[in-house]
Amino acid sequence: MILDPQMRWECPNCSLTDVTGQVPNRYHPCAGLNGVMAPMVPAGQRVKITANEREDYIGNEKVRLAPNGRPVMSVVTERPDGSNDVMVFAPSATGEGKAII
C-alpha cells in the first residue's frame with residue numbers, strides 16, 4: 001500500500017489555502033500583511049501572525065523591505081498555548097575593498 005500524505009495549509013491573515021505533500025513548512029507573500037513573506041499554518045490551527053516593522057534608524061543598511069516600501073524586522077507566529085515562532089530579517093552586511101596589485 002502506497003500512502004500519499006497531504007498537508008492542508010491556510011493563512012489566518014488572507015484567504016490563501018494550499019494542499020501539498022509532506023513538507024515541514026510553507027511560506028507565501030501574504031496580502032493581509034502587505035505582501036510580507038509569512039508562514040502558512042496547518043489548516044485548523046488557531047494562530048495569530050503579525051509582521052513587525054523596524055522602528056530604529058536604518059541609515060544605509062541593507063534591510064528587508066515589504067512591497068509597500070516599509071522596512072520589516074520580523075514575522076511572529078503566536079499560538080494559543082503561549083508558544084511562538086519568530087522569523088527575523090536581519091540586515092545584510094556590506095563592505096568595500098580595493099584590489100591589491
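Read-outs: derived from the displayed coordinates by stated rules, not from any lab. Here the structure is a predicted model, which is why all the values come from computation and not from measurement. Cβ: placed from backbone, ideal geometry, glycine included. Neighbour counts: every protein chain shown.
Kirkwood analysis of the range 44-101, using all unique Cα-Cα pairs, places the hydrodynamic radius at 13.9 Å.
Distance between the modelled labels on Tyr57 and Ile100, one decimal in nanometres: 3.4 nm (7 Å Cα→Cβ projection). Relative to the current alpha-carbon distance between Thr50 and Asn68, full extension at 0.36 nm per residue lengthens the span by 4.9 nm.
Here the range 7-88 is assigned +1 on the Cβ of each Lys and Arg and -1 on the Cβ of each Asp and Glu. Its dipole about the Cα centre then comes out at about 180 debye.
Using only alpha-carbon positions in the chain, the gyration tensor eigenvalues give semi-axes of 33, 19, 12 Å once each is multiplied by 5 and square-rooted (largest first).
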